[in-house]
1. Just want the ordering: 194, 135, from fewest to most Cβ atoms lying within 10 Å of their own Cβ.
2. On the Cα set of segment 20-202, report Rg and Dmax in Å, please.
3. What ranking do 58, 124 get, fewest neighbouring Cβ atoms within 10 angstrom at the top?
4. Dipole size in debye (nearest 20) for segment 20-202 around its Cα centre, Lys and Arg Cβ +1, Asp and Glu Cβ -1?
5. Testing the spin-label approximation: label points 7 Å from Cα along Cα→Cβ at residue 41 and residue 167. State their distance in nm.
6. For segment 60-71, just list the computed ³J(HN,Hα) in residue order, Karplus coefficients 6.51, -1.76 and 1.60, θ = phi - 60°, integers in Hz, with x standing in for Gly and Pro.
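Laboratory data are not the source of any read-out in this text; all were calculated from the coordinates shown. Keep in mind the model is a prediction, meaning the values are calculated, not measured. Because the Cβ atoms are built from the backbone with ideal geometry, glycine has one as well, and the counts that use them run over all protein chains shown.
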Amino acid sequence: MVALSTLVTKNQYGMQQKQGFFVELGAADGEFQSNTLFLEREQGWTGLLIEANPDSYVKLLAKNRKAFKINAAISVTKHTTKLIFMPSGYKGARGHIGQEGEGTDKGLTMDALPLHSILQALNVTMIDFFSLDVEGYELKVLKTLSWDRIKIRVLCVETKFVPEGKSGVISYMQSLGYQHLGNHHNDNWFGWPELLNETRKEKV
């Protein structure tokens, strides 16, 4: 699998289309190692940027990104919960989100919202590109989505720190009907076959 910018250049999986919609969960400062900045600036896409780390979110606001921006932790259940956010390193997504009461001497208690609730509030039912990087909680977040209410064309999921490993994420996504498109470094890519096929037909 190649980098996102190459997918756009080669016009694969509909990534070269104009005015697509993305979601980046673990957006950090919105620029450094961003998986969606290229789509916004070069392809005219809009979308949703979610970052839990308050410090990174302040930097994100200064980047003049056009997408919706939310400073929120994402619940690993289908309900709003309170979690402990443990910032670490430069990138906000590398902060640790644990159960309430874990690391309370250093962590920040935050309300954690279900991702499906945020998408529903924005009336989002179709995502062209979903970037998920929450340092080990990726599979848990994926399992909270209401897959019968939303379709995602292409997903990029970091699997390096997922306890179930890359195979666990691949197995779950394939059980939903998604195709494993390959991997690039620690990211694994998935696509919804019907949408990928429609994209190819549109380009013929």
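1. Fewest-to-most ranking of 194, 135: 194, 135.
2. 15.7, 55
3. Lowest count first: 58, 124.
4. Around 180 debye, computed over segment 20-202.
5. 4.0
6. Residue by residue, segment 60-71 yields 4, 4, 7, 8, 6, 5, 7, 5, 4, 10, 9, 9 Hz.
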